[in-house]
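Peer 1: Here it is: the structure, laid out below.
The values are calculated or read from the model by the stated rules, or taken from the named source; none is laboratory data. Since the model is a prediction, treat every value here as computed from it, not as a measurement. In this analysis, Cβ positions are derived from the backbone assuming ideal geometry, glycine residues included, and neighbour counts consider all displayed protein chains. All accessible areas refer to the heavy atoms of the entire protein, side chains included, with ligands and DNA or RNA removed. Shrake-Rupley method; radii C 1.70, N 1.55, O 1.52, S 1.80 Å.
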Amino acid sequence: MNTVKSLSPEQLYRRCDPAEFTFETTADLDTLEGLIGQSRAVEAVQFGIGIRQEGYNLYVLGPYGTGKHTAMRQFLEQKSATEPTPVDRCYVNNFEQPHKPRALALPTGRGLEFQRDIERFVQELHTAIPAAFESDDYRSRKTAIEEGLAKEQEQIFKDMQQRAKEEQFALVRTQAGLAFAPLRPDGDVLNPEEYQKLPQAEQDQIEGRLGVLQNELQAAIRKVQQLEHKHRERIKALDREIALFAVGHLLDELCEKHSALPDVVAHLRATQRDMVENVDDFRKPDEEAAPLLQGIPLPRSLQGPPKTRRYQVNLLVDNSHTEGAPVIYLDHPTYPNLIGRIEHVTSPAGTLITDFTLIRPGALHLANGGYLILDAHKILMQPHAWEALKRALRSREISIEALGQQMGLLSTISLEPEPLPLDVKIVLLGDRYTYYLLSAYDPDFDELFKVAVDFEEDMARTPDNNLLYARLIGTLARKENLRHFNRSAVARVIEHSSRMVDDVAKLSTRMQGVADLLREADYWAGQNGETIVAADAVQQAIDAQISRASRVRERMQEQIERGTILIDTAGEAVGQINGLSVISMGQYSFGRPSRITARVSLGRGKVVDIEREVELGGPLHSKGILILSSYLNAHYVPDYPLSLTASLVFEQSYGGVDGDSASSAELYALLSALADVPLKQSLAVTGSVNQRGQVQAIGGVNEKIEGFFDLCRARGLTGQHGVLIPESNVQHLMLRHDVVEAVANGQFHIYPVATIDDGLEILTGMPAGERNADGHFPEGSLNTRVEQRLIAFSERWLALSKKVE
């Protein structure tokens, strides 16, 4: 009979000896720069931000709390400080096609200067142009043109009067215009009655002369109209000349100032032409916009005379205060926040209007020429944002387009701003699951995000890394103005870090949890009146964290102690065993014992998982049950049909059950029922099993042991209590001090088992037995009893089958 020895206290908890540190407190240590335990991620980041080829954007994958965001921001800010600051971006009016505003790029800091130059220029024109048109020179020249027109018009009228007189007609002015009236020989106008008394021949003669005169009058009127048209053209030419004189020297100064920027100069010349053509907008009194719109102050772009707003400059991106390349984090990546938007205001008529001054930038504009950090989950949750980002990266330009227009829901005319060239490095932060989903189902993902930055969840626990951890603690203490930690406190933090990852050879790199522990330890040290954080303050912080989250655990244990939930911790029972499971609630996990029972009878070789039958068992739990059937048949009766019906159940389980960590416990209960051998109820079991009967590692081993220990301690430790765990889980043990102390005192035991046979011997006190050279189990062994029972089931089933035939 092979006996498995219980683990020693040293195997249950790996201490960190404060004596290995040479410092007194973390104040003696240098500040830690960069990340610890993330060499792979650091190399990937350096590669990703160094390569400037298309598609080499970064996806930073790893669990939350590893410091991905802080680390990436730190790396990017260090890199961006050495890179050039990008240009400023503006939108200006397109005078030929106002619905298609033009984009201008100006050197860093020149955008704001250009905007202010145009504002001053327009303000000066509101004074200069009216003054020019009020000048004596303009008035005299305009008067001369108007007097010339009047003289020519008067001369044409006189000539027409003389021509009418020659034909014995008078040219008179009526309300309907000019008209001819026949004259008597004495020169007076012939009235209608007199005209009717004239002979018909004379009337016909008068009508003939009248027709000739009317034709000549029409010609004269056309000549007058031509003169008026020429007059208007002369006035316009004069106005343009005066406007050009008023505008020209001011605009020439701006063109000279920005002569190195051809696009800016071209826009200024277009502005000049438009101002000259629309000079009347500056001659009329200013129509100031209302300072408030429904109680809200108008934006700067909407202030000032409405007719001259088309000359303003919409400074979209101002990098005048940016040093190096921009690093932008967008916390709420909606479509407008990412791509930009076109705002609208309500006109006095109640309609929505917009223009190029209402174009607003998105995060891509602000990060252009630098880096943009996004949360993968957040951007995927926002409608159309993910597709818009991919479209911008593929086309390498930013096109601002309203969603309604993009989807064809709007038929109204809207702005179509000129797209801006895009040069940005995207950094997506997310978990591994999202990364692999995108890689599998989004064909564009691997093309656009070629650099995976994989953050580790843990790091090796070595003396060198312990010292780095101590420096990390000191760095955080300085950064957040915490009390410094002495050597014992650092050692306790390191020990707890190993517990966080359930591995004695590892330390957690999920710095959020570690940082929270440091802050809380600092708080308790302050409450205790200490100036330095010691180990007892760290332990107090750990205990307080558990206490705040353990209400459900305490209620469950109370139900067990009061007998509401049936769990035996003493005596023996056939086909009954204590299994262990882990319940996770947020950041807190705890172990919970459960009674597992098995019943067997003659049948068709089916092991019934009651949890699965009622749809409470998950796929992994069902897999473990199927392995049991295979193990029974292959290990005990390979030459016989398996002729039993067995049922397994988690008693008083009212929720879902998944995972295969209870498969070894279920097998022990099943074998106990087959052999009719009782199992010790003072022991609990965890571990999965394979088809060869080997017990395999499981998760949550510390929580499971502590959960059963708490129950046994509440009922009184007798020295018979203990837990069977997989041998391969010994390296994961970082148990509470009270558990270690109980083991040291012989009140509690933890047994590492490698096979089912090892566990059977501990649970029953009987030898399990191994097959000898003849293929038989030893007489009196537990395996012999199981084999004999299964053979008896098989023979009886065959006998019954023959009777039926």
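Peer 1: Over the stretch 315-364, what is the relative contact order in whole percent, taking alpha-carbon pairs under 8 Å and six or more residues apart?
Peer 2: Reported as a whole number, the value is 41 percent.
Peer 1: Could you sort 89-102, 11-24 so that the peptide with the highest average Cβ count within 10 Å comes first and the rest follow in order?
Peer 2: On the way: 89-102: 18.6, 11-24: 15.4.
The densest-packed peptide leads the list: 89-102, 11-24.
Peer 1: Rank Asn57, Val122, Ser8 by how far each Cα sits towards the positive end of the charge dipole of the stretch 1-138 (+1 on Lys, Arg Cβ; -1 on Asp, Glu Cβ) and give me just the farthest.
Peer 2: Positive-end residue among those listed: Ser8.
Peer 1: Applying a 10 Å radius around every beta-carbon, put 200-212, 682-694, 740-752, 762-774 in order of their mean neighbour count, most first.
Peer 2: Highest mean packing first, the order is 682-694, 740-752, 762-774, 200-212.
Peer 1: Taking 8 Å as the Cα distance limit and 6 or more residues as the minimum spacing, I'd like the relative contact order of the stretch 341-479 as a percentage.
Peer 2: RCO, the stretch 341-479: 25 percent.
Peer 1: Next question, about the same structure. Regarding the stretch 506-609, what are the three Cα extents along the principal axes, ordered largest first, in Å?
Peer 2: If we take the Cα atoms of the stretch 506-609, the spans are 71, 33, 21 Å.
Peer 1: Which of the listed residues, Ala792, Tyr469, Val739, is farthest toward the dipole's positive end in the chain, when Lys, Arg count +1 and Asp, Glu count -1 at the beta-carbon?
Peer 2: Ranked along the dipole, the leading option is Ala792.
Peer 1: Below 18 Å, Cα to Cα, which aspartates and glutamates can Lys151 reach? Residues fewer than 8 away in the same chain don't count.
Peer 2: Asp159, Glu228, Glu233
Peer 1: What's the FRET efficiency of Glu83 with Asp331 using the Cβ-Cβ distance as r and R₀ = 25 Å, to the nearest 0.05?
Peer 2: Efficiency at R0 = 25 Å is approximately 0.60.
Peer 1: Accessible area per residue, 1.4 Å probe, Å², for the chain: what's the number?
Peer 2: On a per-residue basis, the chain sits at 50 Å².
Peer 1: I want to verify the translational diffusion coefficient of the stretch 1-109 in µm²/s; compute it with Stokes-Einstein, Rh as the Kirkwood radius over Cα pairs, at 25 °C and 0.890 mPa s. Provide the component values of the computation, followed by the final result.
Peer 2: Details: Rh = 20.7 Å.
Stokes-Einstein gives a translational diffusion coefficient of 119 µm²/s.
Peer 1: Oh, and also: Which residue, Ala181, Val695, Gln545, has the largest displacement toward the positive end of the dipole of the chain when charges sit on each Cβ (Lys, Arg +1; Asp, Glu -1)?
Peer 2: Final value for the positive-end residue is Val695.
Peer 1: Using the C-alpha gyration tensor of the stretch 189-253, what are the square roots of 5 times its eigenvalues, in whole angstrom, with the largest one first?
Peer 2: Details: eigenvalues 604, 22, 4 Å².
So the equivalent ellipsoid measures 55, 10, 4 Å along its semi-axes.
Peer 1: Sticking with this one: Rounding to the nearest 20 debye, state how big the charge dipole of the stretch 669-805 is about its Cα centre with +1 on each Lys and Arg Cβ and -1 on each Asp and Glu Cβ.
Peer 2: In total the dipole reaches around 400 debye.
Peer 1: Out of residues 5 or more away from Val451 or on other chains, whose amide H comes under 5 Å of its own, with H placed 1.01 Å from N in the peptide plane?
Peer 2: Here Asn57, Tyr59 satisfy the definition.
Peer 1: So what's the chain giving for Rg/Rh, alpha carbon basis, Kirkwood Rh from the mean inverse pair distance?
Peer 2: In the chain, Rg relative to Rh is 1.31.
Peer 1: Cross-link list Lys100/Lys425; Lys142/Lys236; Lys158/Lys236; Lys378/Lys479; Lys79/Lys378: which exceed 18 angstrom alpha carbon to alpha carbon? Before the final figure, lay out each step's value.
Peer 2: Numbers: Lys100/Lys425 28 Å; Lys142/Lys236 10 Å; Lys158/Lys236 28 Å; Lys378/Lys479 29 Å; Lys79/Lys378 26 Å.
Pairs exceeding the cut-off: Lys100/Lys425; Lys158/Lys236; Lys378/Lys479; Lys79/Lys378.
Peer 1: Roughly speaking, to the nearest percent, how much of the chain's 1.4 Å accessible area is carbon and sulfur? Walk me through the numbers before you get to the answer.
Peer 2: Details: 19840 of 39910 Å².
Whole-percent figure for carbon plus sulfur exposure: 50.
Peer 1: Still on this structure: Once you charge only the Cβ atoms, +1 for Lys and Arg and -1 for Asp and Glu, what is the size of the charge dipole of the stretch 481-559 about its Cα centre, to the nearest 20 debye? Write out the running numbers ahead of the final one.
Peer 2: Values: 11 positive and 11 negative charges, 32 e Å.
Using only the charged Cβ atoms, the result is roughly 160 debye.
Peer 1: On a 0 to 90 degree scale, rounded to 10, what angle separates helix 136-166 from the longest Cα axis of the chain?
Peer 2: Approximately 50 degrees, to the nearest 10.
Peer 1: Taking a cut-off of 18 Å between Cα atoms, list the aspartates and glutamates near Lys623, but don't count ones fewer than 8 places away on the same chain.
Peer 2: By straight Cα distance, Lys623 reaches Asp609, Glu611, Glu613, Glu615, Asp658, Asp660, Glu666.
Peer 1: If you don't mind, there's one more thing I want to ask. Note down the magnitude of the dipole of the stretch 70-204 about its Cα centre, charges +1 on Lys and Arg C-beta and -1 on Asp and Glu C-beta and zero elsewhere, to the nearest 20 debye.
Peer 2: Charge dipole, the stretch 70-204, about its Cα centre: 1040 debye, nearest 20.
Peer 1: Can you give the local net charge around Asp331? Use residues other than it whose beta-carbon is closer than 11 angstrom to its beta-carbon, Lys and Arg +1, Asp and Glu -1.
Peer 2: The answer is 0.
Peer 1: Just to confirm the number: angle between the C-alpha axis of helix 487-501 and the first principal axis of the chain, 0 to 90 degrees, nearest 10?
Peer 2: On a 0 to 90 degree scale, this one is about 90.
Peer 1: What relative contact order, as a whole-number percentage, does the chain give when Cα pairs under 8 Å and 6 or more residues apart are counted?
Peer 2: Relative contact order of the chain: 17 percent.
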